[in-house]
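A.B. asks: Can you keep this structure in mind? I'll have questions shortly.
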Ligand code: SF4
């Protein structure tokens, strides 16, 4: 019987799903993804997770519940670092234990540690450790990983061309426009799981599109350029996400075609509370570009978000028409 590997649609799902899917499928398994985030998934997550956790972790719990009884394995890697000399949020490291200790009778958790901070060889070690759940042939596991990297490379190219990750995964390939002259281009900065989970952010990216705005996300920007701007900071960032967010904000503030920045942060996120402020301060030192912070949590009301968004966009349009005599503070 074909083994079923469950992948919760949360946290690093929108970044790495095509890589994981191809890898597991090449090893002969069936990949099952939890349903789209819904009120039910959110409520289940809120009930089963500790109160202090951030919204994305609560949602992840809800997605695990959604997969219970449907799969033989749950893939919840212990992500410590995904880049040289940088860490990611410690919640990722504790996630497999949080899940195991919160539920009875869950499928076997594949919790391979991924720690690329020091050694590149750790990548292959993690690949083999994961693949050996399904194959004793190391050469076949490496081959599956090479195919997975290919899929991942294509996925990244599609995102850079302006397609949202969720649309690529769900095969709705509507191309969004990248920054254009004479259009209203707004950068949306935040963790991938806050930007692309349509339920969690109340479909903010589509709302912008419907307002005639081109939303440009971190993943659509040139990663080399993000890195160059991040290097202009006085000190190297400790967090992978911090480098991406601050580097993106600086790159955008130097692009005259960009008209504003929206930073989406999750309530209860320690990383965001620091990075968001740092990004804003650095942008303000360079350019007077409108900048707004939108916080999402499980109690967020859609009407409140719509009002702030509309006011922000109206202000930018007004400012564009009537010169720079309107406050850049949203
Ligand atoms: S970075 Fe923030 S939002 Fe992401 S898991 Fe950590 S605390 Fe939660």
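The values are calculated or read from the model by the stated rules, or taken from the named source; none is laboratory data. All figures in this text were calculated on a predicted structure; none of them were measured in a lab. For neighbour counting, all protein chains shown are included, and Cβ atoms are generated from backbone atoms with ideal geometry for every residue, glycine included.
A.B. asks: How many residues does segment 268-302 contain that are closer than 20 Å to residue 37 by Cβ, more than 14 Å from the ligand (Cβ to nearest atom) and in a helix (DSSP H, G or I)?
C.D. replies: 1
A.B. asks: Select from segment 216-251 the residues that are closer than 18 Å to residue 186 by Cα and in a loop (DSSP other than H, G, I, E, B) and list them in ascending order.
C.D. replies: Scanning segment 216-251 gives 221, 222.
Let's see how each residue does on (1) surrounded by fewer than 22 Cβ atoms within 10 Å (Cβ to Cβ); (2) closer than 30 Å to residue 231 by Cα:
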site	(1), (2)
32	yes, no
48	yes, no
64	no, no
78	yes, yes
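A.B. asks: Within segment 16-58, how many residues turn out to be in contact with a helix residue (DSSP H, G or I) (Cβ under 9 Å, 6 or more places away or on another chain), within 16 Å of the ligand (Cβ to nearest atom), farther than 14 Å from residue 76 by Cα and in contact (Cβ under 8 Å) with a residue 60 or more places away in the chain?
C.D. replies: The qualifying residues number 8.
A.B. asks: Take residue 126 and tell me if it is at pLDDT below 95 and within 16 Å of residue 21 (Cα to Cα).
C.D. replies: Yes, satisfied.
A.B. asks: Follow-up question, since we're still on this one. Of the residues in segment 113-145, how many are within 24 Å of residue 86 (Cα to Cα) and not in a loop (DSSP other than H, G, I, E, B)?
C.D. replies: 14
A.B. asks: Still on this model: Determine if segment 283-293 includes at least one residue that is closer than 23 Å to residue 53 by Cα and crowded, with 17+ Cβ neighbours inside 10 Å.
C.D. replies: yes
A.B. asks: If you take the residues of segment 99-112 that are out of contact with any strand residue (DSSP E or B) (no Cβ under 9 Å at 6 or more places or on another chain) and assigned to a helix (DSSP H, G or I), which of them is surrounded by the fewest Cβ atoms within 10 Å (Cβ to Cβ)?
C.D. replies: Once the filter is applied, the top-ranked residue is 101.
A.B. asks: Residue check: is residue 92 crowded, with 20+ Cβ neighbours inside 10 Å, outside any strand (DSSP E or B), within 13 Å of the ligand (Cβ to nearest atom) and over 16 Å from the mean Cα position of the chain (by Cα)?
C.D. replies: Details: crowded, with 20+ Cβ neighbours inside 10 Å: yes; outside any strand (DSSP E or B): yes; within 13 Å of the ligand (Cβ to nearest atom): yes; over 16 Å from the mean Cα position of the chain (by Cα): no.
Here the answer is no, as residue 92 does not meet what is asked.
A.B. asks: Please enumerate the residues belonging to segment 68-89 that are away from the ligand (no atom under 16 Å from the Cβ) and part of a loop (DSSP other than H, G, I, E, B).
C.D. replies: The answer is 68, 69, 70, 71, 72, 84, 85.
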